[in-house]
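So the structure is just underneath, and the comments pick up after that.
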Amino acid sequence: MAVGTAASPCIHLVGAGPGDPDLLTVKAWKLIRDAEVIVHDCLVSRAVLDGIPNHATLIDVGKMPGHHPFPQDKINEMLVDLARSGRRVVRLKGGDPFIFGRGGEEADYLARHGIACEIVPGITAASACASALGIPLTHRGLATGVRFITGHCQNGELEHDWLGLADPKTTLAVYMGLANIAEIADRLTEAGLPGSTPVAVICDGTLPHQTHLIASLATIGDLAAMLNRTGRALFVIGQVVNLAPAAKLMEKEAALA
Ligand SMILES: C[S@@+](CC[C@H](N)C(=O)[O-])C[C@H]1O[C@@H](n2cnc3c(N)ncnc32)[C@H](O)[C@@H]1O
């Protein structure tokens, strides 16, 4: 495990996982436990933050929707300054730092400024949320692959290869999709994915207040509109959703009705 010093500065870019502190890796926990400074974003759960020893200085650079207390370039500069101070610095990010986490940009900036960077992967939301509902992301005969996509549009446009995504044998895990799920569902249906394709949405996965909803591509847009827009939500689209015990129960109840 690399340790930062003023002579050989280093940042540990650490994934904090989906929220449940028990899902931190052992390596992440050791680095957090020994850190002098922890720079974290708003996806790191309260439960994980509460477990950080008091001796560490916490710096919250969290970016809430529509509110940007710390622009990315300021975060990058702060990391370089902290690393050069020779302290043990952890840059803590929700889930995995390299999946929709801008970890790559930070690692690149640090490298260009001569700062070593140790990457510690975390459990990403797709794995955690699917597991929390008992959904295997791949399954022989149902899904030969899984794709992680963003549902967030940069310039008002969702720029995906919809024809490529509308593959009934591929599971889709949609991050940051709450605001645009109706459009995503429409685009996938237009591209040929049947409206009956099951969809699960998991909100605040792995946390005590986790909730979920199971619907279909045809109904998810209307149903998701009723969900709390401020929480974190991950959509799983594909036949594997039918393997969730909750989906099987719904099917049984529908057959009895
Ligand atoms: C900016 S991305 C960061 C993803 C993160 N780096 C990861 O690997 O999970 C934020 C999105 O991740 C998803 N997400 C993260 N944690 C989640 C959780 N506990 N439950 C549901 N979705 C989650 C949501 O789609 C949220 O909008």
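Among beta bridges from DSSP that stay inside the chain, the antiparallel ones total about 40%.
Listed by chain and number, the lysines whose alpha-carbon sits under 22 Å from that of LYS93, ignoring those within fewer than 8 places in the same chain, are LYS27, LYS30, LYS63, LYS74. First check a/c for the stretch 125-256, with a ≥ b ≥ c the square roots of the eigenvalues of its C-alpha gyration tensor; if it is under 1.5, answer rounded, and if not, answer prolate when a/b is larger than b/c or oblate otherwise. Verdict is rounded for the stretch 125-256.
Compared with the dominant principal axis of the Cα atoms in the chain, helix 181-190 is inclined by about 50°. Neighbour counts of C-beta atoms inside 10 Å place ILE32, ILE52 in the sequence ILE52, ILE32, starting with the fewest.
Restricting attention to the stretch 125-256, close to 70% of DSSP beta bridges with both partner residues there are antiparallel. Mind running the shape call on the stretch 10-120? Use the C-alpha gyration tensor, a ≥ b ≥ c as the square roots of the eigenvalues: rounded below 1.5 for a/c, prolate if a/b tops b/c, oblate otherwise. It is rounded, given that a/c, with a ≥ b ≥ c, falls under 1.5. The dipole here belongs to the chain: it is taken about the Cα centre, uses +1 on the Cβ of Lys and Arg and -1 on the Cβ of Asp and Glu, and is about 600 debye.
Under the classification rounded if a/c is under 1.5, otherwise prolate if a/b is larger than b/c and oblate if not, where does the stretch 62-189 fall, given a ≥ b ≥ c as square roots of the Cα gyration tensor eigenvalues?
Prolate is the answer for the stretch 62-189, as a/c is 1.5 or above and a/b outweighs b/c.
If you take the Cα centroid of the stretch 65-126 and the Cα centroid of the stretch 178-225, the two points sit 31 Å apart.
In the Gaussian network model of the chain, springs joining C-alpha atoms below 10 Å, which of MET226, MET176, MET78 carries the largest mean-square fluctuation? Answer for the Gaussian network model of the chain: MET226. Going by neighbour counts of Cβ atoms within 10 Å, the residues CYS10, CYS153 line up, fewest first, as CYS153, CYS10.
Taking the Cα atoms only, what angle lies between the long axis of helix 245-256 and the longest principal axis of the chain, rounded to 10 degrees? With rounding to tens, the tilt is 20 degrees.
Measuring nothing but alpha carbons in the chain and taking Rh as the Kirkwood radius, the Rg to Rh ratio lands at 1.02.
Quick note: the coordinates plus some simple rules give every number you see, no bench work behind them. Keep in mind that this is a model prediction, so the values were computed, not measured. FYI the Cβ positions are ideal-geometry reconstructions off the backbone, even for glycines, and counts take in every protein chain you see.
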